[in-house]
Amino acid sequence: MQGREPRPLDAHRTGNAINVLLMGSGGREHAIAMRLRESPRLGRLWLTDISNPGLQMLGTPAGVPVSIKEAYRLVQFCDHNDIGLVVIGPEDPLADGFADALESSNRLVFGPAKAAARLEADKAWSKQMMRAAAIPTAEGRVFSNPQSAIEYVRTREDGVVVKAAGLAKGKGVTVCDDPDEAIAAIQEAMVDRAFGEAGAKVVIEERLTGPELSVLALVDGRTIMMLPACQDHKRLRSGDTGPNTGGMGAFCPTPLASEEVLQRVEREVLVPIVDVLRRDEIVYRGVLYAGLMLTHAGPKVLEFNVRFGDPETQPLLSRLKGDLLELMLATASGRLHEGSIGWDDRSACCVVLASDGYPSKPRTGVPIQGVEIAEAMPEVVIHHAGTRRDSSGLLLTSGGRVLNVTGLGATLAAARTRAYEAVSKIHFEGMQYREDIGQAASAPARASSAARAR
Ligand code: AMP
Ligand code: GLY
C-alpha cells in the first residue's frame, strides 16, 4: 500500500499527553495552533517555522530545516522529542512526501501520503482519477506541448480555463474569455515558465459558471466526516473583479450548501474519489478539500486540495466546538467513526487584509497598527498570515496576505459587520481588502431583487 492502513495506537487512546509538531507558517497554521492549544491532551506544541509572530507565541521552535532531502533531521527531532502527532498544514510538504517520511510505529501524521497528495500536486492525474471515478467535473484535456495546446484553444469558441498542472501557489489558473487570452496563458505557463516546472504541463478545461463552494472533509482512510461548507472569494477586488488570488476572504456556513447539495457532494464526489484511490491502493488520510462550482447540471469539481483551505480554515475552526487534537488523532489513526464533532451555531466571516501590490508584487516591510485593539474586541479572532516583528518588536507586513480578521455573529450579516468593525481598527499603508466578503449570501433577498431590477 502506498498510503497508510488504519493503525490504532494504544498511546493515543489512553489519554496520555501528546507532543505535536506543526509544519507551516500561514494564517491557516495560526488557526490550527490556536485550537490545538485548547486541547487538554496537548503536551508540547513544536513549530517548524516561527517567522509568523502569531504562531510563534503558541509553540516552541523545532529549529530543524524543512527539506525532504534531509527529512532524516526532522525524523530524528521527532524521535528525540517524543512527537506523537505531526500536523502538516501546507500542500508543498505533503507533495514532497513528508507524511511518508515522518510516520512511524509510534508517531501519527495528519495529512495524506505523497501518492495521495498528487490529487492537488498534479492536476492532470487528478483529472484522470476524477474521470476514472465518474466524478462530475469540467471537461478537460492535458497538454505537454505548447503548440498542440495553442492549436486546441484556437478550435474552441467558448471560454476555457488554462491551469498549470503542478503546484503554483494558487496562481497557475487563468480563466479566459477568448482564444487570445488562452494563448497568452499557455505562453506564460509553458514557454515563459512563470510558474516554474508546474507549467510544464497544462490542463485546459471548459469554463463553467455558477457560485463556488468549498467542501472540506476529514478522511481517515475509510470514514468521511464532512465539515460545514464554506465560501471563498478568490478575486482580488469587490464584485469578483481583478486577478485570482489565494483567497481574499471566506465565510462559514453558507446558505448555498443545502442538505441536498451536500448529499450530492458526498455521494458523487467524496465517496467515489476515496474509493478510486483505495482501488489503486492509496489510503487517503487527512483533510480532503473539494473546490466546487454549483452549475445548472449540479455540483462539479474544479479542484481537489489535500489540506485545509486558506482562508477557509480561519472561519471554519473559529466555529469548532470540541477538541481539534482528538479529531486529528482520530483521522490519522483510522478512528473517525468513533468520534463526533460540534459546531458553534454562530456564523463566521473572515476578511483578508493584503499588501499593496498583491498578488503580483506585494510590498512588504510596512508597519501595521491597531492589531491589539481589534484582537481585544469580543467575537473577533485575528490570525497572522504574512507578518513579522522587527528587532524592536514593531509589527510589519512580510507577505501578500497579511492578516485574517474573523468576526462571529448570530447571522452571517452580524458576523460580517463584526469582521469589518475589527478591520476598521487596523491600518497599514497600501492595505487592500474586499468590502463584500459574505455580502451576497447575507442579503439574498436584496441581491435577487437587485438582479431582477437590472
Ligand atoms: P482552481 O485552483 O483550480 O480551483 O482554480 C482557481 C479558480 O479559478 C477557481 O476558484 C475558479 O474561480 C476558477 N476556475 C477554475 N476552474 C474553472 C472552470 N473550469 N470554470 C470556471 N472557473 C474556473
Ligand atoms: N482558499 C483556497 C485554497 O486554500 O486553495
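Could you provide, to the nearest whole Å², the per residue accessible area of the stretch 317-394 with probe 1.4 Å?
43
Under 12 Å from the Cβ of Tyr420, count the other residues' Cβ atoms, weight Lys and Arg +1, Asp and Glu -1, and hand me the total.
Spelling it out: positives minus negatives among the neighbours equals +1.
Can you pull the accessible area of Glu38 for me, 1.4 Å probe, Å² to the nearest 10?
My reading of the accessible area for Glu38 is about 110 Å².
Give me the base-10 log of I(q)/I(0) for the stretch 72-165 at each q in 0.17, 0.22, 0.25 Å⁻¹, Debye formula, one uniform scatterer per Cα, rounded to two decimals.
The Debye formula, applied to the Cα set alone, gives -0.81, -1.07, -1.23.
Keeping every protein chain in place, order Thr60, Thr209, Thr241, Thr331 by accessible area at 1.4 Å, biggest value first, i.e. largest first.
Highest to lowest solvent-accessible surface, that is Thr209, Thr241, Thr60, Thr331.
For Arg434, what is the net charge nearby, where nearby means another residue's Cβ is under 14 Å from its Cβ and Lys, Arg count +1, Asp, Glu -1?
Around Arg434, the surrounding residues sum to +1.
To check my understanding: the extent here is largest minus smallest coordinate of the Cα atoms along each principal axis. What are those three numbers for the stretch 297-454, in Å, largest first?
Projected onto its principal axes, the Cα set of the stretch 297-454 covers 52, 49, 33 Å.
Please list, in chain and number order, the residues 5+ apart from Leu85 or on another chain whose amide H is under 5 Å from its amide H, with Hs placed from the backbone.
Hits under the 5 Å cutoff: Asn19, Leu21, Leu108.
Compare Lys114, Lys361, Lys169 by solvent-accessible area with a 1.4 Å probe and give them largest first, with all protein chains kept in place.
Listed by decreasing accessible area, they come as Lys361, Lys169, Lys114.
Where does the charge balance sit around Gly242 when Lys and Arg score +1, Asp and Glu -1, over other residues with C-beta under 11 Å from its C-beta?
Neighbour charge sum, excluding Gly242 itself: +3.
Accessible area of the stretch 175-329 with a 1.4 Å probe: how many percent of it is carbon plus sulfur?
Accessible surface attributable to carbon and sulfur in the stretch 175-329 totals 48 percent.
Using heavy-atom solvent-accessible surface (probe 1.4 Å) with all chains present, what is the largest-first order of Asp323, Asp100?
Greatest to least solvent exposure: Asp100, Asp323.
When ranked by the protection proxy of mean other Cβ atoms within 10 Å per residue, highest first, what sequence do the peptides 218-228, 271-281 form?
By packing density, highest mean first, the sequence is 218-228, 271-281.
For each cysteine in the chain, check whether another cysteine's C-beta sits under 4.7 Å from its C-beta; list those where none does.
Cys78, Cys176, Cys349, Cys350
With n ≥ 4 as the cut-off for DSSP H runs, can you work out [θ] at 222 nm for the chain, using -39500 (n - 2.57) per run divided by the number of residues, rounded to the nearest 500?
-8000 deg cm²/dmol
Going by a ≥ b ≥ c, the root eigenvalues of the Cα gyration tensor, does the chain fall in the rounded group (a/c under 1.5), the prolate group (a/b larger than b/c) or the oblate group?
rounded
With the cut-off at 26 Å, tell me which of the pairs Lys163/Lys321; Lys300/Lys321; Lys169/Lys201; Lys127/Lys361; Lys114/Lys201 have Cα atoms farther apart than that.
Violating the 26 Å Cα-Cα cut-off are Lys163/Lys321; Lys300/Lys321; Lys127/Lys361.
The values are calculated or read from the model by the stated rules, or taken from the named source; none is laboratory data. From a predicted model like this one, the values you see are computed outputs, not experimental measurements. Counting neighbours? That spans all protein chains shown, and the Cβs are built from the backbone with ideal geometry, glycine included. All accessible areas refer to the heavy atoms of the entire protein, side chains included, with ligands and DNA or RNA removed. Shrake-Rupley method; radii C 1.70, N 1.55, O 1.52, S 1.80 Å.
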